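A.B. asks: Here's a structure for you.
Nothing in this text is a laboratory measurement; each read-out follows from the coordinates by a stated rule. Everything numeric here is computed off the predicted structure, so don't read it as measured data. With ideal geometry, Cβ positions are generated from the backbone for all residues, glycine too; neighbour counts draw on all protein chains shown.
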Amino acid sequence: MSKTKLLSFHGIAKMTIEKKKSDKEIMQAVAMTQPIAEGEYIILLDPADEKEFFFKMRKKGHINLHKGKILHEEIVGKPEGTLIRSSKGEPFLIFRPTLYQFIMHMKRDTQIIYPKDLALILVYADIYPGCTVLEAGIGSGALTLALLRGVGPEGRVISYEVREEFIQRAKKNIGVFLGGPPNLEIKLHDVYEGIQEKCLDRIILDIPEPWRVVNDVAQSLRLGGIFLGYLPTIIQVKSLVDALREDKRFIYIQVFESLIRNWNIEGLSVRPVHRMVAHTGFITLARKGEII
Ligand SMILES: C[S@@+](CC[C@H](N)C(=O)[O-])C[C@H]1O[C@@H](n2cnc3c(N)ncnc32)[C@H](O)[C@@H]1O
């Protein structure tokens with residue numbers, strides 16, 4: 001197959017090649033390959049037990065560990081992946097946090113959606129570059145961060161939240177990881193009072209009683225739009241599914257949960273690890289279509 005044919009066959013690859021990157025996009029991509037700078041948050045990894053330390057690089061800062069002391073100035077200016085030695089000669093590796101690592105280390109004032117579920121949400125709710133997503137509530141901002149990645153600079157995320165202090169927490173977390181994304185709009189608003197926006201591509205609710213707003217969700221989603229509810233108990237899920245079925249504007253209703261089981265691979269000890277996160281939340285999906 002010729003190169004031209006291959007490019008047009010993979011429509012998305014073609015788009016990426018032809019679309020001129022904005023200065024901001026180029027700067028962001030370059031920044032990720034630049035040496036670690038003062039003000040950045042980094043992961044210091046002890047390779048012996050893979051224990052992670054997460055902290056902000058300061059001009060005159062240092063980190064004290066039982067394996068010795070490391071000055072921040074020994075890290076600033078080095079590319080990620082570099083090996084650093086503590087004052088006791090112990091080895092550590094430095095990395096920029098991935099989205100997964102950042103979410104697990106960031107400060108939280110609420111329960112968050114864990115990366116194992118965020119990964120599924122992005123694909124099952126079909127979060128695509130350029131789409132407009134409404135979420136409630138913002139909590140500590142874990143889902144918001146994943147959604148902003150998914151919608152990209154041309155998409156939009158609108159977040160409703162009833163508690164001002166959680167908005168402040170989420171803003172701080174999002175600011176640390178992404179700066180102040182211009183395509184995120186946070187509203188101090190109770191979603192049970194209604195959804196103001198119309199023609200939304202996706203709506204994701206991580207609130208206790210989403211069944212109370214099924215009618216608003218149906219009115220605010222565009223035809224073909226996708227709704228996703230995230231709930232900790234199956235009793236809540238039952239109330240939500242009953243309301244979605246009763247509404248008649250939803251199809252493809254499905255419920256699932258995710259269980260990730262890590263494996264230990266060492267010599268003859270090739271087996272699942274002994275502990276796992278057994279339960280986080282249930283995902284309920286539905287798609288809006290015309291009434292049959
Ligand atoms: C479990 S937390 C959300 C966590 C968030 N998805 C994350 O990943 O960090 C639930 C949030 O919903 C907010 N909330 C509850 N009821 C709400 C409502 N009626 N309207 C808007 N936000 C609401 C709570 O204040 C809380 O911040």
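A.B. asks: Rounded to the nearest 5, what % of DSSP beta bridges with both residues in segment 101-288 are antiparallel?
C.D. replies: 45
A.B. asks: Over segment 145-273, what lengths in whole Å, largest first, do the semi-axes of the equivalent ellipsoid take, defined as the square roots of 5 times the eigenvalues of the alpha-carbon gyration tensor?
C.D. replies: Result for segment 145-273: semi-axes of 29, 24, 15 Å.
A.B. asks: Give a residue-ordered list of calculated ³J(HN,Hα) values for segment 249-259 (Karplus: 6.51 cos²θ - 1.76 cosθ + 1.60, θ = phi - 60°; whole Hz; x for Gly, Pro).
C.D. replies: These are the phi-based 3J(HN,Hα) values: 8, 10, 9, 6, 7, 9, 10, 7, 10, 10, 10 Hz.
A.B. asks: Now for a different question. Using only alpha carbon pairs under 8 Å that are at least six residues apart, calculate the relative contact order of the chain and give it in whole percent.
C.D. replies: In percent, rounded to a whole number, it is 11.
A.B. asks: What area, in nm² and to one decimal, does the C-alpha convex hull of segment 41-95 cast on average over all directions?
C.D. replies: In nm², the orientation-averaged hull projection of segment 41-95 is 3.3.
A.B. asks: Sticking with this structure for a sec: Taking the number of other C-beta atoms within 10 Å as the exposure measure, put Thr110, Thr33 in order starting with the fewest.
C.D. replies: Thr33, Thr110
A.B. asks: In whole Hz and in residue order, list the ³J(HN,Hα) couplings for segment 54-67 that follow from phi through the Karplus curve 6.51 cos²θ - 1.76 cosθ + 1.60, θ = phi - 60°; x for Gly and Pro.
C.D. replies: Karplus values, whole Hz, x for Gly and Pro: 10, 7, 8, 7, 10, 4, 10, x, 8, 10, 9, 10, 5, 8.
A.B. asks: Follow-up. For each of Met57, Met32, count neighbouring Cβ atoms within 10 Å of the residue's Cβ, then give the residues from fewest to most.
C.D. replies: With the fewest neighbours first, Met57, Met32 line up as Met32, Met57.
A.B. asks: Which values, in whole Å and largest first, are the semi-axes of the equivalent ellipsoid of the chain obtained as the square root of 5 times each eigenvalue of the Cα gyration tensor?
C.D. replies: 37, 24, 21
A.B. asks: Moving to a separate point now. Can you compute 3J(HN,Hα) from phi for each residue in segment 180-190, using the Karplus curve 6.51 cos²θ - 1.76 cosθ + 1.60 with θ = phi - 60°, rounded to whole Hz and x for Gly and Pro?
C.D. replies: Along segment 180-190, the couplings run x, x, x, 9, 10, 10, 9, 10, 6, 7, 8 Hz.
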